Amino acid sequence: MNNSILQVENLVKRYGDVQAVRGVSFNVDEGEVFGLLGPNGAGKTSTVEIMEGLRTLDSGRVTVCGLDPQKNSQELKHQIGAALQSTSLPDKLRVIEALRLFASFYRRHRNPEELLKRFGLEEKRNTFYNQLSGGQKQRLALAMALINDPKVLFFDEPTAGLDPQVRREIYDIIEELRREKKTIVMTTHYIEEAERLCDRVAIVDHGTVIALGTPRELKERSGDKTRLEVRLARPEPQERLKNLEGVSDCRILGDSYILQCQRPPQAIVSLVKHLESQGNELISLEIATPSLEDVFIELTGRRLRD
Amino acid sequence: MSNFAALTRMRIQLTIRNKMFLFFSVIMPFGFFFLYAGVFAKGVPEGVRYLLGPVVALTVMGSFWGLSAALVTFREQGILRRFHVTPVTPSDMLASSVVANYFLTLPTVLLQLLFARVFFHVHDFGDILAFFILVTVGTVSFASLGLVVASVTNTMQETQIINQLLWFPLIFLSGATIPLPSLPAVVQRVGVFLPATYLVNGLQRAIVFSISISHLLLGVVILCFWAATTFFVSAQLFRWEAESKIPRRAKLWAAATAIPFLLLGVYENRTGRLVAESQAAMHAVENSGHRGESTK
């Protein structure tokens, strides 16, 4: 292990009878971008907000920058920066005022003007918060997370609810921070985001980590196979499809058959031949290159966004 | 300390930019002022002087509306959450609301005095020191009351209902709208349990009889004590998150804020001092009023 800056051990969080986080463990190294990937309600936000000192934990141990978020929350808050989910700023606060105000809360802070420039908000300098677009608000949120030059950054669903073009803008910003070797912990339910931005990913489902590694490692673990998603006019026995030439596995997900295959062209040919012989018809066929989605499907039998 | 100052500055800026502020801090107080001075007191200087106490008391008490609404909005919109990941503490947040509110209320009160002088020829404002001490203690304590309302309610709707439930007794049973001596004896007995009554009575006596602060001490001390209690309770019940539930002890804590005036009310009911004082103030104005009319 390198120098780990953040440790989570057997973290458990309950809300009444609901166990949102059930024994999550991982370490984050200095300078890496660590992603928590999972569906909504998997316990990602709870985990992150415990690390930030916003929520209390029920059991387990969390250390961030050598500090206990519950006991040393005041000191910790000087050392971390965060872009939260479901948060906002006062409607009538101007962009520059927000940056200056938050800068004043910290012992050490960066120049608000420099952050404005870096996040492309110079033109919006004197605009009220409620007049900013979704993308501008999110850029401001990221700029504000950096205002105290933090040792660890937390981005909770940094692109949720943004349209694709704006999402790419946010990716560029995070990639730049990654090149600067900032330590970032981010949550996401977007496969693409985790693959593109994260050095390591923990796949989270129902409050537990079900897989952890670099995106490459995780994909290799599931065999690096191409996925064919097929819908048919009439049902077909799963076993028959599984035994087709070029197909290594078949599972049923909703109204689709998911075929894992090492050599897709061959699999498609044998599938079409088989269907013809059965008098069955192909309604749709989708080819998906190997991704973390396959890892998730393989481990849970569900799609990430079900 | 610097967090507190920065937040106070932000709150003042935001409030001035808010339309609700215009209503609660400008239109409503001056509406009351001209209604009382022009219509009820018929513009007679002695009458205006007598009613200045209730008008200023209404301005001061209005604090809890704006403060409770602002804090609940901040919580509902997730704004407080954002401050929670910074080193800002609940006390920074709460104290800045109270102080910002004070700086916003003070100009309104000063303008009311100025208008009384310019439009209604009131030249004698009695004991100015006592007047300003009462305004200060009153603004701080009613602002803290607003913070308690914000902490025992979850939504803006609930906040507004509680505000209405507080506002009407406070203005109708305290002498702020109908002079205490004109109210039925039973209502007077209820009135002396309300903090508003001491504020109205204190302001009125300071203005009309130039009563100095040392003679208003009991009411002022209890108001201060009440301000401290409500502020402490609001800090205890402070919630950063909209989804975090109101603790069960909240109602008990909120009820505890009634204790200072419960005790004072019992005492005043025994002695009947306060009611007698406000009667004296009214008689003084009536007499001067008759004189005024007879010389015409």
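No value in this document is a laboratory result; all are computed from the given coordinates. This structure is a prediction, so every number in the text was calculated from the model and none was measured. No Cβ is skipped: glycine too gets one built from the backbone with ideal geometry, and neighbour counts run over all protein chains shown.
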Residue-normalised 222 nm signal for the protein assembly as shown, counting each DSSP H run of n ≥ 4 as -39,500 (n - 2.57), nearest 500 deg cm²/dmol, is -16500 deg cm²/dmol
Relative contact order of the range B:2-295 (C-alpha contacts under 8 Å, at least 6 apart) in percent is 26
Which of A:Gly135, A:Gly41, A:Gly279 fluctuates most in a GNM of chain A (C-alpha springs under 10 Å)? That residue is A:Gly279
If one compares the long axis through the Cα atoms of helix B:90-120 with the longest principal axis of the Cα atoms of chain B, the angle in degrees, nearest 10, works out at 20
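Which value, in debye to the nearest 20, describes the size of the charge dipole of the protein assembly as shown about its Cα centre when Lys and Arg Cβ atoms bear +1, Asp and Glu Cβ atoms bear -1, and nothing else is charged? Could you put the intermediate results ahead of the total?
Working: 65 positive and 58 negative charges, 305 e Å.
Here the size comes out at about 1460 debye.
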Under 12 Å by backbone N from the virtual spin label 7 Å along Cα-to-Cβ at A:Arg108, the residues of the range A:59-92 are A:78-80
Whole-Å distance linking the alpha carbon centroid of the range B:167-200 with that of the range A:240-305 is 79
The base-10 log of I(q)/I(0) that the Debye equation returns for the range A:154-306 at q = 0.13, 0.14 Å⁻¹, one scatterer per C-alpha, is -0.69, -0.77
In whole percent, the Cα-Cα distances of the range B:176-290 spread across 5 Å bins from 0 upward as 2, 10, 18, 19, 16, 11, 8, 6, 5, 3, 1, 0, 0
Rounded to the nearest Å, the spacing of the alpha-carbon centers of the range B:1-49 and the range B:215-259 is 24
Quick calc, the range B:2-295, dipole around Cα centre from Cβ unit charges on Lys, Arg (+) and Asp, Glu (-), nearest 20 debye, gives 620
Given the candidates A:Gly35, A:Gly81, A:Ile50, the one whose Cα lies deepest towards the positive end of the charge dipole of the range A:24-125, counting +1 at each Lys or Arg C-beta and -1 at each Asp or Glu C-beta, is A:Gly81
Taking Cα atoms, the helix B:63-76 axis meets the longest principal axis of chain B at an angle in degrees (rounded to 10) of 10
Between the residues A:Leu140, B:Thr108, A:Val18, the Cα farthest towards the positive end of the dipole of the protein assembly as shown, that dipole coming from +1 and -1 charges on the beta-carbon of Lys, Arg, Asp and Glu, is from B:Thr108
Of the candidates B:Gln77, B:Val56, B:Val148, the farthest towards the positive dipole end of chain B (Lys/Arg Cβ +1, Asp/Glu Cβ -1, centred on the Cα centre) is B:Gln77
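Any number yet on Rg/Rh for chain B, C-alpha, Kirkwood? Don't skip to the end; give the middle numbers.
Working: Rg = 19.4 Å, Rh = 19.7 Å.
My calculation of the ratio gives 0.99.
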Kirkwood-based Rg/Rh on the Cα set of the protein assembly as shown evaluates to 1.15
Here the Cα Rg-to-2.2 N^0.38 Å ratio for the range A:4-219 is 0.99
Once both label points are put 7 Å beyond Cα along the C-beta direction, the B:Arg273-A:Arg22 separation in nm becomes 6.7
